[in-house]
Amino acid sequence: MNARLSLLLVAALLVGLAVYLWLQPEAPKQPTPAPAETSARGSASRASDQFLILAASWEPAFCETVRNKPECASMGKSRFDASHFSLHGLWPRDEYCGVPTTIEQLDRDGRWQQLPPVDLPADLRKTLAEVMPGTRSQLERHEWTRHGTCYGADAAAYYSAATALLAQLNASRVRDLFAGSIGKPLTQAEIRSAFDDSFGAGAGQRVRVACEDDGSRRIIVEVTVGLWGTVTDSTRMSDLIRAARPTDGGCAGGIIDPVGSQ
């Protein structure tokens, strides 16, 4: 088995495990209102209440593991993702909803450049290029094909929701903690405490930390956040987090990696 296929299989297992480790809260007793029409920009309000996982990567650490990717080869200290969380994805429970078998197989094989392009408004695509550096490797095609098709709205609504949630995370004390700890270790407890400070008591219990071993170092590569509800233009992430069920914390801690090979 080649290294690329092994990496894709490991990534698939990690995504599946992350979704499995959260359990859906009790469904609302009142029926969910009918979805609203999307705007030209792609309002996220069409999708109804659901369980979601926001996956936010720490790109310098990710790039320690896959240095040959275009987004890693071009990374510098002044780029947004050098000091902010970047978007990995927004994951509903299900996968590949309504996706033809041939397209699903292309995705599973890692042939993302052969997946259909994602139709997005120009301003949203510009935002996505900044906060999702993996677009240089067609990550947005993969995430839409595997996860976004199960979100319950079109691609513009899906990525509008994902980027809005990530923006709230990057405006929080959690991001400040990571940016202020570059090159230093952080514990799971410190990260969860920062979530409590930013999004309310108990928010940290809905967060998992993912780490990778890089030689003799253990580095934090990602945080995943459990959410429950409907994402609209005015939704506060704190409400979505507190509505989700708690999960285990994942990795006990690791180093916040700086840009470049360490």
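Of all positions in the range 24-44, none carries a residue that is more than 12 Å from PRO133 (Cβ to Cβ) and at pLDDT 95 or above. Within the range 192-209, the residues that satisfy the criterion of being within 23 Å of ASP81 (Cα to Cα) and surrounded by 20 or more Cβ atoms within 10 Å (Cβ to Cβ) are ARG192, ALA194, PHE195, SER198, PHE199, GLY204, VAL207, ARG208, VAL209.
Here ALA194 meets the list (1) in contact (Cβ under 8 Å) with a residue 24 or more places away in the chain; (2) of a type in the set (A, V, I, L, M); (3) touching a Lys or Arg at 6+ places or on another chain (Cβ under 7 Å) almost entirely, failing just condition (1).
Of the candidates HIS142, HIS147, the single residue that is within 28 Å of GLN205 (Cα to Cα) and crowded, with 20+ Cβ neighbours inside 10 Å is HIS147.
The values are calculated or read from the model by the stated rules, or taken from the named source; none is laboratory data. Small disclaimer: the values here were computed from a predicted structure and weren't measured. Here Cβ is always computed from backbone atoms with ideal geometry, including for glycine, and neighbour counts include all displayed protein chains.
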